[in-house]
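As structure tokens, the structure follows; a few thoughts come after it.
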Amino acid sequence: MKKILTIFIITILIPYSALKAQETNRFFPEKDLVTTGIYYYPEHWNENQWERDIKKISDMGFEFVHLAEFAWFKMEPEEGKFDFIWLDKVVGLCTKYHLKVLLCTPSATTPTWMRLNYPETFVMDGHYIRAENGTRGLESMVNPKYRGYVKKIVAEMAKRYGQNSNVMGWQIDNEPGAVSDYSPSSQEAFRTWLKNKYKTIDALNFAWGAAFWSQWFSRFDEVIIPNTNLVGWWGNNPHALLDFKRYSADAQAQFLDYQAGILRDYITKNQFITTNYTAVCTGSDPNRTTKLDFAAYTAYPNGGSDNIGELGFRLGNSDVVLFASEYYKSVGGVSGVMEIQPGPVNWGSYNPLLLPCTVRLWLYHSFAAGGKIACSYRFRQILYGAEQYHAGMIQTDGVTPSQGGKDYMQFMKEITELRKKFTPGTKMPAKLAARSTALLWNVENYWSIDRQRQTGQWNTWDYPVKFLKIAKSLGAPVDVIQEKADLSKYKVVIVPAYELVDSALVKKWNEYVKKGGHLIITCRTATKDRRGHFWEGETALPIANLIGAHISQTDMLSSYGKGDILMNSNHYSWHSWADLLVPDNASEVLATYDNQFYKGKAAVINHRVGKGFVTYIGVDTDDSKLEKDLLRQIYKDAGATTEEYPPGVFVYWRDGFYTALNYSSADYTVNLPDAAKILIGEKVLKPADVLVWTE
Ligand code: GAL
């Protein structure tokens, strides 16, 4: 009883994410900072090269090897006949060369016998065409037969390696993306999901607005997966499609938990279970899983896009690691990169050489944001197959490190030095804690808004991310959090385009502000209930009292239109979204529209609630300047100082180390205090440079 009470007290005193982070310390001792690894596919290479390769991995400085992903054909060459001799050899070689092993369950690629004997285990697309084996992630996760085979192979692997002290953990599947599946198994599973959710068919009819265009159902067995491929854009039912997204994300999460459950029956407590979500993940919802120790991500920042300045096309897009490194911590308190792009890839719109040290820059980005593992896809560039143009750490001769390989070696050497400088228990500096910020995220808002963007100018993913970038450019530490998170530890909480709400959530926001928090709510928030229906009342009805204003109308402009806003004698331009606000008496108007027929109407409002403030930003400006000026002022009002980092320059703090990163095409001089001690790099950051220091 005493123990239960203690756990309970600890639980209410320490925020959820911090608790989870403490639990994961058993996998990742703090003093190690970050553990480095590499994907190796022995099944792609002649057995007589395995030892040479594993030794090379060790000599280069890697600490673990990622194995067995996609190797189902090799582990179960015939249905029910398992062969792990080859894997035993490779695991043994890893032990010999002091490398830990991270094993991956092979469920993302099934062997040929599965297609031949059980074609029904594959997904169907929106034209009811069945997929085949030959690439990743096309199996129907809800198909009972497929699940049965997954259970067998995962259990066999877990029995064999679950007690091996050299195996550090497990990755389940590959890039779980909640693929839309229209197969008969999925239709059945969707109906079951709906029955559980709605109980009666009329509840479903009302939630889906099925009276519109004769979509009404009499029984659950009449329901099919809403299919925009067949009814066209006009025929989309946003509520049904939102439910299909939810169902798909649930199915994905349950599939991961299903595999985690099988592993748990056999593995020791010291082996972790994770998966590798894509960095920009709009299909899956990692927070729907319950059995992962933490969530990792894959990051490919350079797919041939322009980015910042003339070198941007070589440096890649900084948003990728920026977002993923914070978002995935919301699952287990920690995260890390499972696949960092090793060099040019094969799938970009074009695939340029990276500026030397760019892979190191990305690795440091993930590290700076708290990453516990830094792993890359893949060790050797393959000589054949769909990814033969995809770089590896080692070139096609099998022995010479690529530029990415050299970057990695330098990073690993430097991390070894940083470990020596690590002091346990270092607290976040007060100047940073004073700006601590949270960005509230629920992928359901993405699903809902992206279906009905209303204007081609609206970018559903970029919009919330722009607030993350603004806060980082002002020097704030930012967590991307979920609704369940404790808001009280943040000075500022940003709620960007948070379309779907209920009264409990609005109450939570209200409480946070009353106690002294500063809440920033933006346009497109609280315009719908969780079903995706409008309120029978004014726009954003549930937050009207909280924001101290009413949204009378919303405007959007053509791409050649001109939207002008005035704030503190400064002008700002907008195109995509503009809420026209009618403030309550107690509210302060911070910005007004300065042209169009509604000139003078309020665009931004500040409202005092209890000890705190709510700022409602009704407009999405073209260059984010208005939002940045507002945020700077908000930090100032909260008694915090701010920085002014240019686009592409980021500064982080973790475990006592400051890290500055430069994704821009220009040199940047870091303004270091006198007390600063440089550990890695130089004060003048060239493009792709990194600086690490302590204060
Ligand atoms: C990732 C995937 C890897 C590999 C890589 C190529 O998305 O997880 O298996 O295909 O892309 O860039």
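Residues that are within 12 Å of the ligand (Cβ to nearest atom) and touching a residue at least 12 places away in the same chain (Cβ under 8 Å): does segment 282-294 have at least one?
So far as segment 282-294 goes, no, none of its residues is within 12 Å of the ligand (Cβ to nearest atom) and touching a residue at least 12 places away in the same chain (Cβ under 8 Å).
Looking only at residues in segment 462-495 that are basic (Lys, Arg) and open to solvent by 70 Å² or more (accessible area, probe 1.4 Å), which one is nearest to Asp243 (Cα to Cα)?
Lys484
Keeping to segment 295-312, report how many residues are touching a Phe, Trp or Tyr at 6+ places or on another chain (Cβ under 8 Å), away from the ligand (no atom under 16 Å from the Cβ) and open to solvent by 20 Å² or more (accessible area, probe 1.4 Å).
Selection size over segment 295-312: 3.
Return the residues of segment 64-95 that are assigned to a helix (DSSP H, G or I) and either farther than 14 Å from Asp53 by Cα or polar (S, T, N, Q) (or both); say none if nothing qualifies.
Across segment 64-95, the qualifying residues are Trp72, Phe73, Lys74, Met75, Ile85, Trp86, Leu87, Asp88, Thr95.
Please work out if Asn302 is part of a loop (DSSP other than H, G, I, E, B) and at positive phi.
So Asn302 fails the test.
Output the number of the condition that Val142 fails; it satisfies all remaining conditions of (1) among the hydrophobic types (A, V, I, L, M, F, W, C); (2) more than 25 Å from Val337 (Cα to Cα); (3) outside any loop (DSSP other than H, G, I, E, B).
(3)
How many residues are more than 12 Å from the ligand (Cβ to nearest atom), outside any helix (DSSP H, G or I), of a type outside the set (Lys, Arg) and closer than 30 Å to Glu30 by Cα if we restrict to segment 357-393?
The qualifying residues number 8.
State the number of residues belonging to segment 164-223 that are crowded, with 22+ Cβ neighbours inside 10 Å, small (Gly, Ala, Ser) and within 16 Å of the ligand (Cβ to nearest atom).
1
To keep it simple, each residue is scored yes or no on (1) free of Cβ contacts under 8 Å to residues at least 60 places away in the same chain; (2) farther than 20 Å from Tyr277 by Cα.
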{"residue": "Ile373", "(1), (2)": "no, no"}
{"residue": "Tyr384", "(1), (2)": "yes, yes"}
{"residue": "Ala391", "(1), (2)": "yes, yes"}
{"residue": "Ile394", "(1), (2)": "no, yes"}
{"residue": "Val399", "(1), (2)": "no, yes"}
{"residue": "Lys406", "(1), (2)": "yes, yes"}
{"residue": "Ile415", "(1), (2)": "no, yes"}
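Lys420 is checked against (1) surrounded by fewer than 24 Cβ atoms within 10 Å (Cβ to Cβ); (2) part of a helix (DSSP H, G or I); (3) in contact with a strand residue (DSSP E or B) (Cβ under 9 Å, 6 or more places away or on another chain) and fails just one. What number does that condition carry?
Here Lys420 clears every test but (3).
If I ask for residues that are in contact with a Gly (Cβ under 9 Å, 6 or more places away or on another chain) and either open to solvent by less than 40 Å² (accessible area, probe 1.4 Å) or within 16 Å of the ligand (Cβ to nearest atom) (or both), which ones from segment 394-406 would you list?
Ile394, Ser402, Gly404, Gly405
Considering only residues that are over 20 Å from the mean Cα position of the chain (by Cα), open to solvent by less than 50 Å² (accessible area, probe 1.4 Å) and not hydrophobic (A, V, I, L, M, F, W, C), which ones fall in segment 438-461?
Thr455, the sole residue that qualifies.
The values are calculated or read from the model by the stated rules, or taken from the named source; none is laboratory data. Remember, predicted model here, so these are calculated numbers, not experimental data. We place every Cβ from the backbone using ideal geometry, glycine too, and count neighbours over all the protein chains shown. Note: accessible area is taken over every heavy atom of the protein model, side chains too, but ligands, DNA and RNA are not part of it. Shrake-Rupley method; radii C 1.70, N 1.55, O 1.52, S 1.80 Å.
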